[in-house]
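Input: a single structure, listed below in structure tokens.
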Amino acid sequence: MDESSEPLRSPARAQWVAVVAVFGAVWGAFEISLGAFLRSVSIPMHGTLMTGIGIIIMLVARRTLSAGSHHGRGATIAVGVVAAAILPLSVTRGMHQAMVGILAEAACIEIALWIGRPSRWRFGLAGLLAALIPLVQLLTVMTVQYGPGALSTFREMLLTKQGGERLGLAAFTAGSLIGLIAVASAVFGLVCGMLGWSLAGQILTRLGRKAE
Amino acid sequence: MVAGGTDPHAARSKGRVVAAIVIGGATLVAALMLGWPLVLLPAGTAIAALVVLNRRQVRALFNKWLWLGLAVVVVVPVWVIGTPGEREDAQAGGGLLALTAGVTMAVRVLTTLAAMLLIGSCIAPAAVSRVLGRFVGRDLGLACAIGVNLLPAILEILRRTTLALRLRGGFRRHRLANLKRLATAVGVQTVRLTEDVAEALLLAQAPARATGESEPEPQGPQP
């Protein structure tokens with residue numbers, strides 16, 4: 001008998017499915033409500049903001065599973081898949097890019113947490129890496145569209161459409177702007193990763209469970 | 001000739017996979033980095049490699065919908081690229097600048113497709129499915145289905161918790177502390193919901209377990 005067609009035999013497997021489904025639905029709910037609104041009004045850096053929420057949700061799911069009998073491997077990418085599957089329920093522009101972004105962020109966190117035991121700093125590192133995905137994705141899309149002129153187009157877009165000029169960024173070159181955004185995103189991701197660790201600890205304490 | 005009793009067919013097949021990944025990856029990167037007309041070089045390489053390594057897959061490049069999509073990619077930039085003034089100039093001057101940008105994008109799409117076909121056709125789907133099934137694919141469909149069905153419950157948790165916090169004074173004072181309280185409360189209710197769902201899943205599967213051949217796994221927490 002094929003393993004995939006077997007019923008859920010153990011409480012651990014049922015718990016895995018439940019955690020993935022529920023936390024994926026939470027992330028999906030944020031994406032189709034707050035995320036759809038931010039995408040529609042084109043708030044600058046909305047992708048990074050939504051990534052922060054996603055990082056916290058994924059890491060709480062991961063730590064919740066690790067606190068049980070399950071090691072939690074594969075859970076973050078599965079949460080991302082469920083959230084991405086929910087996204088088409090909201091028909092807004094940029095939905096496909098958001099889906100790709102969600103999957104990439106989930107994969108990034110999964111890779112960062114694959115080996116070794118989870119800890120506050122590991123969660124922070126995973127968050128840091130995942131928070132860079134929106135910038136990498138934007139640059140990739142712009143490179144596909146504009147080729148070698150992508151960097152100058154990126155700079156122009158940042159200064160004119162996203163209010164960079166008003167923030168006094170006009171003197172920066174494209175490279176330094178990318179570096180600045182990358183550092184800001186990385187710090188934001190690090191903080192979100194550590195917040196995810198703390199929040200999961202508080203939740204487990206409130207539920208009377210032992211946090212790792 | 002492969003020495004040491006190794007299957008020559010397997011070695012050749014492995015070589016094809018490596019060649020496909022290397023050529024596919026290199027042409028993909030080159031297509032993204034190069035502008036017109038150099039972008040034609042990786043496109044030609046990817047298509048030529050596809051013809052040599054897996055001729056059957058070339059048919060996918062002759063799909064009429066693909067070419068219709070590429071035509072849209074070529075034509076649309078004439079109206080969307082550049083500032084309004086530049087667009088007017090481009091259209092007045094035959095749209096050569098925007099047309100070149102469109103053709104470049106179309107060539108990049110074609111190269112990406114050829115590279116993906118090249119890599120994808122040389123890697124066995126069964127192997128990918130086995131890897132995914134082993135780590136994340138199992139029960140994922142069930143999780144997706146449950147997730148979509150749980151959306152109203154999740155939104156209700158968010159609404160109820162926000163309402164409770166608002167009744168206790170809301171976010172007028174101690175905003176950060178209240179935000180933390182809101183996140184913890186939502187998190188606790190979400191984890192409780194996962195426990196309910198897990199219990200329901202086990203209950204729903206009880207008849208299947210009772211009639212099945214396999215023994216329940218001893219590991220795992222007791223609900």
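Every number here is computed from the coordinates shown, using simple stated rules; none is lab data. Computed from a predicted structure; not experimentally measured. Neighbour counts are summed over all protein chains in view; Cβ atoms, including those assigned to glycine, are modelled from backbone coordinates with ideal geometry.
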Within 10 Å of each Cβ in peptide B:146-158, how many partner chain Cβ atoms are there on average? Round it to a whole number, please.
6
What shape does the range A:76-143 take by its C-alpha gyration tensor, where a ≥ b ≥ c are the square roots of the eigenvalues and a/c under 1.5 counts as rounded, a/b above b/c as prolate, and the rest as oblate?
oblate
Within a 10 angstrom radius of each residue's Cβ in B:198-205, how many Cβ atoms of other chains show up on average? Whole number is fine.
6
When Cβ neighbours within 10 Å are restricted to other protein chains, what is their mean count per residue of peptide B:180-192?
5
To the nearest 10 degrees, how steep is helix A:174-206 against the longest Cα principal axis of chain A, on a 0 to 90 scale?
20 degrees
Take peptides B:40-50, B:101-111, A:18-28, B:17-27 and line them up by average Cβ neighbours within 10 Å, highest first, as a rough protection proxy.
A:18-28, B:101-111, B:40-50, B:17-27
Give me a comma-separated list of calculated 3J(HN,Hα) values for the range B:156-170, in order, Karplus coefficients 6.51, -1.76, 1.60 applied at θ = phi - 60°, integers in Hz, x for any Gly or Pro.
5, 4, 4, 5, 5, 5, 5, 5, 4, 5, 5, 5, 8, x, x
